[in-house]
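Data first, discussion second: the structure below is written as structure tokens.
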Amino acid sequence: MTKFESSVKQIPYPVENVYRNISDLSNLERVRDRIPEDKLQEFQFDSDSVLVSVAPVGTIKLRIVEREENRCVKFETEQSPMPFDLWIQVLPVSETESKMKVTVKADIPFMLKGMVAGPLQDGVEKIADALSQIPFV
């Protein structure tokens, strides 16, 4: 397994707000309009899973497999061209601020590692950037 980690992002909201929003994927409805339509062919979700179809990657379905209150939400792929686990860690900085990091562990075949490692690291950073800009009210 190869591990990809985002940089730590500062979030101007309490850890409880951030966790409440990332642990229930139905909250994605609030940010649906921020997702560029040209990037996604399909975008479906419920409280425990999300399915996206991204060109040229294909369809990816993630399901929440573990919730650690006010600390971490872990996901596993149910459908993906390449299996991976993703988790979002949040920690309090103060009563009104938090910090967040996104981590992906992927089972990348040796022959593909050189081609996909860069784009995967970039993708993890973009996910963290996008999450850090959500209004966690």
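The values are calculated or read from the model by the stated rules, or taken from the named source; none is laboratory data. Because the structure is a prediction, the values reported are computed rather than measured. Please note: Cβ atoms are built from the backbone with ideal geometry, for glycine as well, and neighbour counts cover all protein chains shown. Side chains included, ligands, DNA and RNA excluded: accessible areas come from the protein's heavy atoms. Shrake-Rupley method; radii C 1.70, N 1.55, O 1.52, S 1.80 Å.
Quick one: how many residues across the stretch 47-73 are open to solvent by 70 Å² or more (accessible area, probe 1.4 Å) and over 17 Å from Pro119 (Cβ atoms)?
7
Do we find that Ala128 is open to solvent by less than 50 Å² (accessible area, probe 1.4 Å), small (Gly, Ala, Ser) and closer than 17 Å to Val18 by Cα in this structure?
Considered against the rule, which asks whether it is open to solvent by less than 50 Å² (accessible area, probe 1.4 Å), small (Gly, Ala, Ser) and closer than 17 Å to Val18 by Cα, Ala128 comes out as yes.
Check the stretch 30-40 and report whether any residue there is closer than 15 Å to Phe136 by Cβ and either open to solvent by 40 Å² or more (accessible area, probe 1.4 Å) or small (Gly, Ala, Ser) (or both).
Yes.
Among the residues of the stretch 107-117, write down those that are outside any helix (DSSP H, G or I) and open to solvent by less than 80 Å² (accessible area, probe 1.4 Å).
Passing the criteria: Ile108, Pro109.
Are there any pairs with C-beta distances below 9 angstrom linking a residue in the stretch 94-106 that is surrounded by fewer than 17 Cβ atoms within 10 Å (Cβ to Cβ) to a residue that is of a type in the set (Asp, Glu), with the two at least 6 apart or on different chains, and if so which?
Lys105/Asp85
Those residues that are at pLDDT 80 or above and in contact with a Pro (Cβ under 9 Å, 6 or more places away or on another chain), I need them from the stretch 22-65; list them, please.
Those that are at pLDDT 80 or above and in contact with a Pro (Cβ under 9 Å, 6 or more places away or on another chain): Gly58, Thr59, Ile60.
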